Amino acid sequence: MHVTADDLTSTLRAAGLRITAPRRAVCEIVAAHHDDHLTAATVLEHARRDLDVRIDRATVYRTLEALEDVGILRHAHLGHGPAVYHLTEEHRHHHVVCERCGATTAIPVGEFDAFVETIAARTGFVLDVEHFAISGLCPSCAHR
Ligand SMILES: [Zn+2]
Ligand SMILES: [Zn+2]
Ligand SMILES: [Zn+2]
């Protein structure tokens, strides 16, 4: 089951937000492109190119933030670049990122369970391993 733009707008509406045309556009883009590691900049670009809607950057950020606040969206940092956004319900994964060429690979949720449990047992810290990618070298950079 894929999350639709209507799901996103009704979640925002249920949280008390008014659905303006720019907010609606952000929801449509997030629903259509959630597999693409969307950034705020690519949301703006899609709005202009696909929907012919001009949204100011602040509205994009505020709408993404509102979607995060209601728990339907979350961001991750893949390296030094801007945050990327994922729908919480779909394709949950961790990331590894190549520090040389920037290539990223998704790692299934659960791969870090043993590590998370060990750290919790030793330190009491509850890790959020989805928030930041783990950096390293991709296969082609590692063997160069
Ligand atoms: Zn991802
Ligand atoms: Zn963050
Ligand atoms: Zn690489």
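The values are calculated or read from the model by the stated rules, or taken from the named source; none is laboratory data. Everything quoted here is computed from the prediction, not taken from an experiment. No Cβ is skipped: glycine too gets one built from the backbone with ideal geometry, and neighbour counts run over all protein chains shown. For the accessible areas, the whole protein counts, side chains as well, though only heavy atoms, and no ligand, DNA or RNA atoms are used. Shrake-Rupley method; radii C 1.70, N 1.55, O 1.52, S 1.80 Å.
Remarks
- Any chance H86 is under 11 Å from the mean Cα position of the chain (by Cα) and open to solvent by less than 50 Å² (accessible area, probe 1.4 Å): yes
- Of the residues making up region 71-102, those that are away from ligand 3 (no atom under 16 Å from the Cβ), touching a strand residue (DSSP E or B) at 6+ places or on another chain (Cβ under 6 Å) and farther than 17 Å from L8 by Cα are A76, H77, A83, V84, H93, H94.
- Yes/no for T63 being polar (S, T, N, Q), away from ligand 3 (no atom under 16 Å from the Cβ) and open to solvent by 20 Å² or more (accessible area, probe 1.4 Å): no
- Of all residues in region 88-144 being without any contact (Cβ under 8 Å) to a residue 24 or more places away in the chain and of a type in the set (S, T, Y), the one that is nearest to E65 (Cα to Cα): T88
- Number of positions in region 127-144 that are under 28 Å from L73 (Cβ atoms) and more than 16 Å from ligand 2 (Cβ to nearest atom): 2
- Members of region 107-144 found to be part of a loop (DSSP other than H, G, I, E, B), open to solvent by less than 60 Å² (accessible area, probe 1.4 Å) and within 16 Å of ligand 1 (Cβ to nearest atom), listed by number: G110, F112, V129, E130, H131, A133, C138
- H46 being open to solvent by less than 70 Å² (accessible area, probe 1.4 Å) and part of a strand (DSSP E or B): no
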